[in-house]
Amino acid sequence: MALSERQERILAFIGQYLDEHSFPPTIREIGKAVGISSTSVVKYNLERLHKKGKIVRVEDVSRGLRLRESTLTPQAVGSLPSQIVGIPKLGIISAGEPIAAVGQQDNPFAGETLTLTQDLVPNADELYALQVKGDSMIDALVSNGDWVIVRHQNTAQPKEMIVAWIKDREETTLKYYHPEGAQVRLQPANPAYGPIFVPADQLEIQGKVVAIIRQLQ
């Protein structure tokens with residue numbers, strides 16, 4: 001499919017920017033370079049380039065675009081692997097009533113990854129993704145169907161959002177972490193839900209949430 005003159009300029013700028021910086025430009029940088037003041041017009045033309053097979057777009061991610069390999073200059077081809085990362089999808093996490101622990105549930109996303117840019121998720125080898133089921137964290141802007149990006153760790157600071165494994169129930173849940181002496185309060189972010197109280201020795205932290213991703217249809 002033929003490109004418009006404007007789309008040719010956008011494509012050329014993206015390639016030049018990748019050569020010079022080794023990461024993609026932002027929407028505003030593209031608009032400024034090709035003389036488009038409206039970000040919506042830039043997004044429209046990027047969508048057309050995506051449909052024409054010239055670029056790959058990662059929605060709702062800063063600098064979330066790249067050129068198709070067939071379109072890339074040799075310098076840009078060499079720069080891409082360090083800029084686009086895949087976060088393994090390890091299953092579902094409950095934002096409501098606890099469910100089976102990660103690794104003890106059937107993973108409907110086995111072998112799949114969530115593709116993000118490295119500037120959003122540095123140290124990606126320490127991260128994994130879980131899809132949220134439920135609405136108990138909705139006031140923390142975590143909705144049903146969102147993805148939480150979790151860093152593997154077994155400690156957390158008070159009030160951080162964690163993946164909590166309740167040992168005696170062999171269940172996990174997504175909640176705010178509030179240690180309170182001999183017990184831990186797992187606090188939801190939705191007034192329709194009450195806190196969950198767990199003996200401190202029956203709680204294991206499986207990771208801390210570092211990012212929330214919403215994929216629009």
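Just so it is clear, none of the values below were taken in a lab; they were calculated from the coordinates. For clarity, every value in this text was computed on a predicted model and none was experimentally measured. All Cβ positions, glycine included, derive from the backbone under ideal geometry; neighbour counts span all protein chains shown.
A few remarks follow.
- Antiparallel content of DSSP bridges confined to region 84-213, in %, to 5: 90
- Size-normalised alpha-carbon gyration radius of region 84-213, reference 2.2 N^0.38 Å: 0.99
- Local electrostatic count, E180, Cβ distance below 14 Å [Lys/Arg +1, Asp/Glu -1]: +2
- Using a Förster distance of 35 Å, the FRET efficiency for D19-T113 (Cβ separation, nearest 0.05): 0.85
- The aspartates and glutamates within cross-link reach of K159, meaning a Cα-to-Cα straight distance under 16 Å and a gap of 8 or more places when in the same chain, are D139, E180, E204.
- Distance from the C-alpha centroid of region 7-46 to that of region 157-203: 45 Å, rounded to the whole angstrom.
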